[in-house]
Structure formats: C-alpha cells, structure tokens
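Before any comments, here is the structure.
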Ligand code: GDP
Ligand code: IMO
Ligand code: MG
C-alpha cells in the first residue's frame, strides 16, 4: 500500500502541482479531494506550461488515472474548458478521468453571488478568486446543492437547476443586480453537463478497489493550511478543509490507507487575497521576490503578496497535518539575496510566543521575530543532489527543518521536472 498525501503548508501556490507531477511518474491514481477551480497548479514540461484548475496534475502522466473526488466543487463549464485546452495540447483525458457522483456542482449564479458578497464586504473583502467556491460549499452545507449524480436524469436536473436559479435571481433582484436569463443559462449549462455526464461514477468504489489492488495513489491538495476553513486565518480562508481530514471526507478513503503526508512549502512565503500575513515584506522589498519567483496568481493573475519563511506558522501547520516530510520549493528564487530572514517567533504586547493565534485581530498585530541567514549568491537551479547546493543553502534548509521539526525529503530548484533533489 502506498498512498501519499501532498498538502500545501502555507497560503497556497507552494508548488504542489510541480511536486505532484514529479511524484506522479510512479503513481497509478491521482485524486483531488477538495476545492474547485479556485486552484491553479502549474506544471512546466519542456516549453509547455500547463495550469490545472480542477483536473489532478497527474493527468500529465499518461499512465495515471485521475479522480475528482466528492469533496471537490465542480464548475461544469470550467471543467469542459480545461479538458478541451488539455486535449488541444495532445493530453488524452476522457478515458482517464472520473468524477465523483457525490461532488457538488458550481454554476454561474454561485460566481455572481461570490462577487455580490465581496462587494458588500467592501474594505473587508476576502479577495476570493470569484469562482463561486464559497456559495457552492454554502449550498452543500445548507443541503440545497446539486450533485453530479443528478446528471443521470436530465429532466429532474433541469427542475433543480431552475429552482436554484430562481432563488438566486430573487437575491440578485433584491440587491439591484441583473438577473440571469433562465433559457440562456440552461442552454449553456446543458452543453457542459452532456459533455461531463459520462465521466460521473462512484469514485469511492474505484478508488478503494485501486487501494485494495496495491496501486500507488497520490492525493493532491489544493490551497494551503492557512486557507483551511477550520484551521486557517478565518474568515480570510477558502470554504473547504485543505488539511488532512479533507482527504478522507473528500475522497471516501479511510485514514488507515494513508501511508505518508508530504507538506509542500516555498523557501519563503506568498499569499493572494486579503488577511493576516505576519512575515509580509513591504511593496518594494517584496518586489524582488515577486519578480524572481514570478509570483503572479495562476488562476487570477493577481500579484502575490511576498514575505519571509514563517517557521512558527509552518511548524503549527505540520502538526495539524501529521506531516512526515517537507518538499521545499523555489529555493532558486533566493539565489540573488545577500540576507534571508526566517521568522522564529511571534511577538505580541512584548511577549514572544511560538503558537498561532485564532483571533484575526491578534494575528494582524503580530510582530515577527526574525533571524538572519547569509545568502549563497550562486545559482542553485542546476543542483541535482544535496552536495551540489552551496553551504549557506544547506545551512538554510537544515535550519528550516530544525525549526519546523520535520525532515526535508525534496528540494525544488526550478519549475521543470528535472530541477529537483531527493534527499
Ligand atoms: P500550486 O498552486 O501549489 O501548484 O503552485 P502554483 O502553480 O500556483 O505556483 C507555483 C509556481 O512556481 C508555478 O509557476 C511553478 O511553475 C513555479 N515553481 C514550482 N517549483 C518551482 C521552483 O522550485 N522554482 C521556481 N523558480 N519555480 C517553481
Ligand atoms: P492553489 O491550489 C492561493 C485564496 C483566495 C482568497 C481565499 C478565498 O493554487 O494553491 P476562494 O475563491 O477560495 O473563496 O478564495 O483563498 N485562494 C488561493 N490562494 N492559491 C490557491 O489555490 C487559492 N485558492 C483560493 O485568493 O484569498
Ligand atoms: Mg496555485
């Protein structure tokens, strides 16, 4: 049995897609279990750049099967576009992708609702990806969502769709927003659902059969710990459990089948959207990391906020998820720096603490305690093993491992498949 979970330990965009793609070389099945097309997982292969939103990154390995689990919220139109874009690049999808019949669907009214809620929040907006993720999960929890299983009876599906659309239209009307046209929306969604309906099945069965048959399974997390609806910087979070528990609820696989948890972290930190970020750099200082790391959102293109590695938050994140080892990405982005800082403690009202506050107000007023590391000022992007790394880079990585109390198994030194070290 070899089921490995790959989770982001920061605020998303840690480079999970690249790590999954590398590990998927030996995987039979790759599974997404939460989130939706708010995710943007980038994989660079040769001159080709792929950005996966709903489809597991394992799709780029032709021998891997891919599953979109029940915990994911699926925008049918987004999914069809993604499938077509990949097929245009000669990636075969249709016989390799399964969608859980228990996954909830995201519609245009969810996206409009997402925007409406953000507008209402004004200066306190979350800075969502506007993909309708929050409203779709709200419908699920409120027990009024529409699941992929409903696609097997189009007459009933249409009735439910129109009922939901009517409900949202009444909200749009009350808020002075333009209503959606039922016929027009149905025409668009009908094409998409006809396309994806044949992919829908009970993935709990196929996934557990694969595990029983000793297949190698990878679980691909989206977002990161600090965007988890329970453990993250609430309310500046996404609407799913991005942490370890989400794997089981979002795929129908029991905890006893998980053999390893890999936490992915950047060698520094980024965040997109609003909310606390203790180690954030000022606009100018952050620019150097942003440009070196090309830190622009894979889904929305927004510039990512940049800052130093936060060992307090990462240690906590690793505890929450029982992380066995770390994959540290984007080490090469630090190559040009004279000094690299790491946050080792949180100072608040004169006291230094090593725990993470639940209160957003406290989180926002944390003063990070930094230690300085000398940069290595040389190119790491061609390193193939630990001994190829400059001594200061080795010291830096060893310190991150010591502070987080987790060993490092993987170091990534560039976006390409070969730019990786296994330790
Ligand atoms: P994900 O959402 O966690 O999959 O991460 P994203 O794809 O949103 O963002 C990570 C970005 O960094 C992508 O553009 C990757 O191609 C890129 N990347 C991944 N690993 C490395 C690395 O080690 N070095 C550099 N320079 N870029 C990397
Ligand atoms: P990957 O999988 C980074 C952020 C949004 C916003 C908050 C809520 O590529 O790491 P949502 O649309 O989910 O309601 O937005 O979560 N966010 C991400 N940030 N990477 C992601 O995914 C994200 N998915 C959502 O910017 O702050
Ligand atoms: Mg991303």
Is it the case that residue 54 is within 16 Å of ligand 1 (Cβ to nearest atom), within 30 Å of residue 26 (Cβ to Cβ), at pLDDT 95 or above and not in a strand (DSSP E or B)?
yes
So which helices (runs of 4 or more DSSP H) are wholly in the range 183-302 and hold at least 1 residues that are within 16 Å of ligand 3 (Cβ to nearest atom), modelled with pLDDT of 95 or more and more than 24 Å from residue 109 (Cα to Cα)?
283-293
The lone exception for residue 308 - which of (1) buried (at least 17 other Cβ atoms within 10 Å of the Cβ); (2) within 29 Å of residue 244 (Cβ to Cβ); (3) within 16 Å of ligand 2 (Cβ to nearest atom) it fails
(3)
For the structure I just gave you, tell me whether residue 354 is at pLDDT below 95 and in contact with a helix residue (DSSP H, G or I) (Cβ under 7 Å, 6 or more places away or on another chain).
yes
Checking the conditions here, which among 23, 54 is under 21 Å from residue 204 (Cβ atoms) and within 19 Å of the chain's Cα centre (by Cα)?
54
Based on what the data block shows, is residue 69 in contact with a strand residue (DSSP E or B) (Cβ under 8 Å, 6 or more places away or on another chain) and closer than 18 Å to residue 13 by Cα?
no
Just a yes or no: is a residue in the range 324-331 over 17 Å from residue 9 (Cα atoms) and within 25 Å of the chain's Cα centre (by Cα)?
no
Test residue 238 against the criterion of being within 26 Å of residue 103 (Cα to Cα) and either surrounded by 20 or more Cβ atoms within 10 Å (Cβ to Cβ) or free of Cβ contacts under 8 Å to residues at least 40 places away in the same chain (or both), and give yes or no.
yes
So for the range 81-96 (the condition being in contact with a strand residue (DSSP E or B) (Cβ under 9 Å, 6 or more places away or on another chain) and closer than 21 Å to residue 12 by Cα), does at least one residue qualify?
yes
Listed residues 62, 44, 25; which is surrounded by fewer than 19 Cβ atoms within 10 Å (Cβ to Cβ) and assigned to a loop (DSSP other than H, G, I, E, B)?
62
Which condition does residue 327 not pass, out of (1) within 16 Å of ligand 3 (Cβ to nearest atom); (2) part of a strand (DSSP E or B); (3) farther than 21 Å from residue 379 by Cα, if it passes all the others?
(3)
Of the numbered conditions (1) away from ligand 2 (no atom under 11 Å from the Cβ); (2) assigned to a loop (DSSP other than H, G, I, E, B), residue 38 fails exactly one; give the number of that condition.
(1)
For the range 241-274, give me each residue that is at positive phi and either over 17 Å from the mean Cα position of the chain (by Cα) or surrounded by fewer than 19 Cβ atoms within 10 Å (Cβ to Cβ) (or both).
252
Residues that are within 13 Å of ligand 2 (Cβ to nearest atom) and more than 20 Å from residue 186 (Cα to Cα), drawn from the range 115-132
115, 117, 118, 121, 124, 125, 126, 127, 128, 129, 130
Within the range 99-150, take every residue that is outside any helix (DSSP H, G or I) and on the phi > 0 side of the Ramachandran plot and give me the one that is farthest from the chain's Cα centre (by Cα).
143
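The values are calculated or read from the model by the stated rules, or taken from the named source; none is laboratory data. Treat the numbers as computed from the prediction; the structure is a model and nothing was measured. In this analysis, Cβ positions are derived from the backbone assuming ideal geometry, glycine residues included, and neighbour counts consider all displayed protein chains.
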